[in-house]
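Notes follow the structure.
The values are calculated or read from the model by the stated rules, or taken from the named source; none is laboratory data. Predicted, not measured: the structure shown is a model, and the values here were computed from it. Cβ: placed from backbone, ideal geometry, glycine included. Neighbour counts: every protein chain shown.
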Amino acid sequence: MRSQNGSRGLAITLAAVIVVLFALQVWLVSLPYRISGDRLHCAVMLLTGLFQTVCLAALVLRNATVWATIAGATVMAALSFLVTKGPIADAAAYTGYAKLPQFSEAYAPPARTFHGNGFDVINAYWGKRLPPLDYGPLWLEYDRVTLGSAPTFGNALVRLRLLNLLWLLALAAGLRKVGDAGTRLATATLLNPGLYFYFIIEAHNDILPIVLVVTAVLLSKQHPLLGAICSGAAGLMKIPFFLLGFLALPGNRSVRQRVAYVAVLAAIVICGSWIAFRAGYGSALFSIGHAQVGTTYGTGLLHDTGLALHVLAACTAFIATALAFFGNAYYGPLVLSFSALGAVLYPWYITWCLPYALRQGSALTLLVAVPALTHVLDPMFSLYPSHAFALTDAFYGVVTLLAVYALLARRKNLRPASGRVG
């Protein structure tokens, strides 16, 4: 009995430490000046993220109590809603797209001034003209339905965060069904400050397609058609999720089943995207990708090397997908390559690795690493902001090279999916 009480007390203490460190992070990003200009504050963000990962690892290994999980998640969710300035540029853009009169205007936005009720923050972040939208038509429709009627920007921000919080809870509920590790996966999701920071505070839209692909992973063993539909919906929100959708179907299915799955997935994404391509979706993808690469990497040997290594990591993700889909083979060190599928490696793209990690068996490790990894990858918290992306890509490229070398040297590490999801 005393041992159980001691274990419960330690779990509560660890959860409390995670929450207190998250409160410190919330305070830092709420300060009325750009945090990336102060190395001390950047160092604090990096160190708190590292400590959060350590505490989260200890917590999931000791099976956190339900009440500690609920209390910690509730407090972090409440703290997330307190941030009304700072890192909300994407939330401002989402609101701007929703407020454009015509659906097609999002892919070639006209110059527009947003007046009153706080909407002027859209122009403050993005100028007179929003960048062309590089998201799919299903996401744009979702954005217009959920935010189009928001009377103020503050209301739109609350809507975004509430919806993302619901998707985060849905993700935890889905992961709870993953075999023996389900409880720990749900805990690592609900008590994960990195997820609250990027999907609630900053309100990035990746959480919904991630939930769709994870749902597809869970459904595809018994209902591959439903899995293909969920994966297709994710691809209609963000085009890189079309590739991630291939990971939803277990690689041990027959050739006929895999062909049928791909046919349904491709038909949904291609046919659904056709409307958006007619409105300029294709050119928007190209122009935004080109602009991101051009403005992010700049010039110089380090930046060119970083870009080359980024491409290498992205190619590795394609190879990992092919090995999984056609050979039912998975390799742990290839997990991180999936976050390189975007033109720029943003920190929250770490979560793009979750579908592969679920199949490979390293999802818990990935989730626990999120608080530390995301802040290390975030250029806003870089100790060397002018080289932030180049250093990140160099790191990813080196990891990828080591993974490929190890893969070639020890092919037996390519393991079948038995014993993992699906």
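The residue list 53, 48, 69, 84 contains one member that is assigned to a loop (DSSP other than H, G, I, E, B) and either hydroxyl-bearing (Ser, Thr, Tyr) or modelled with pLDDT of 90 or more (or both), which is 84.
Matching residues to (1) crowded, with 21+ Cβ neighbours inside 10 Å; (2) aliphatic (A, V, I, L, M):
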site: 94; (1), (2): yes, no
site: 111; (1), (2): no, yes
site: 115; (1), (2): no, no
site: 144; (1), (2): no, no
site: 160; (1), (2): yes, yes
site: 167; (1), (2): no, no
site: 184; (1), (2): yes, no
site: 197; (1), (2): yes, no
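Applying the selection to region 149-178, what residues are in contact with a Ser or Thr (Cβ under 9 Å, 6 or more places away or on another chain) and not in a helix (DSSP H, G or I)? Listed by number, the residues that qualify are 150, 176.
Within the set of pairs 6 or more residues apart or between chains, which connect a residue that is without any contact (Cβ under 8 Å) to a residue 40 or more places away in the chain inside region 144-155 to a residue that is assigned to a loop (DSSP other than H, G, I, E, B) and small (Gly, Ala, Ser) with Cβ atoms less than 9 Å apart? Within 9 Å, the pairs are 152/116; 152/118; 155/118.
No other residue among 309, 265, 301 is in contact with a Ser or Thr (Cβ under 8 Å, 6 or more places away or on another chain), more than 30 Å from residue 184 (Cα to Cα) and assigned by TED's automatic domain parsing to the domain that holds residue 379 apart from 309. Residue under question is residue 87, and the condition is that it be surrounded by fewer than 21 Cβ atoms within 10 Å (Cβ to Cβ) and either over 27 Å from residue 289 (Cβ atoms) or in the same structural domain as residue 289 (by TED's automatic domain parsing) (or both); does it hold? So residue 87 fails the test. Could you please find all residues in region 321-364 being over 17 Å from residue 210 (Cβ atoms) and β-branched (Val, Ile, Thr)? Once the filter is applied, which keeps residues that are over 17 Å from residue 210 (Cβ atoms) and β-branched (Val, Ile, Thr), region 321-364 yields only 344.
Report yes if residue 31 is under 21 Å from residue 78 (Cβ atoms) and modelled with pLDDT under 80, otherwise no. Steps first, answer last, please.
Details: under 21 Å from residue 78 (Cβ atoms): yes; modelled with pLDDT under 80: yes.
So residue 31 passes the test.
Filter region 63-103 down to the residues that are among the small types (Gly, Ala, Ser) and under 19 Å from the mean Cα position of the chain (by Cα) and list them by number.
Taking region 63-103 as the starting set, the residues that turn out to be among the small types (Gly, Ala, Ser) are 64, 68, 71-73, 77-78, 80, 86, 89, 91-93, 96, 98.
Matches in region 63-103: 73, 77, 80, 89, 91, 92, 93.
With the structure loaded, tell me whether residue 135 is within 21 Å of the chain's Cα centre (by Cα) and either in contact (Cβ under 8 Å) with a residue 24 or more places away in the chain or on the phi > 0 side of the Ramachandran plot (or both) or whether it fails that test. Before the answer, list the steps.
Details: within 21 Å of the chain's Cα centre (by Cα): yes; either in contact (Cβ under 8 Å) with a residue 24 or more places away in the chain or on the phi > 0 side of the Ramachandran plot (or both): yes.
For residue 135, the condition - within 21 Å of the chain's Cα centre (by Cα) and either in contact (Cβ under 8 Å) with a residue 24 or more places away in the chain or on the phi > 0 side of the Ramachandran plot (or both) - is met.
Put simply, of 152, 187 the only residue that is closer than 30 Å to residue 48 by Cα, polar (S, T, N, Q) and either in contact with a His (Cβ under 8 Å, 6 or more places away or on another chain) or modelled with pLDDT of 90 or more (or both) is 187. Within region 326-348, the set of residues being within 18 Å of residue 194 (Cα to Cα) and in contact with a Gly (Cβ under 6 Å, 6 or more places away or on another chain) is empty.
What do you reckon, is residue 113 among the polar types (S, T, N, Q) and either in contact with a Gly (Cβ under 7 Å, 6 or more places away or on another chain) or within 15 Å of residue 90 (Cβ to Cβ) (or both)? Criteria not met by residue 113. If we scan region 109-117, do we find a residue that is touching a residue at least 12 places away in the same chain (Cβ under 8 Å) and closer than 30 Å to residue 184 by Cβ? No; the residues of region 109-117 include none that is touching a residue at least 12 places away in the same chain (Cβ under 8 Å) and closer than 30 Å to residue 184 by Cβ.
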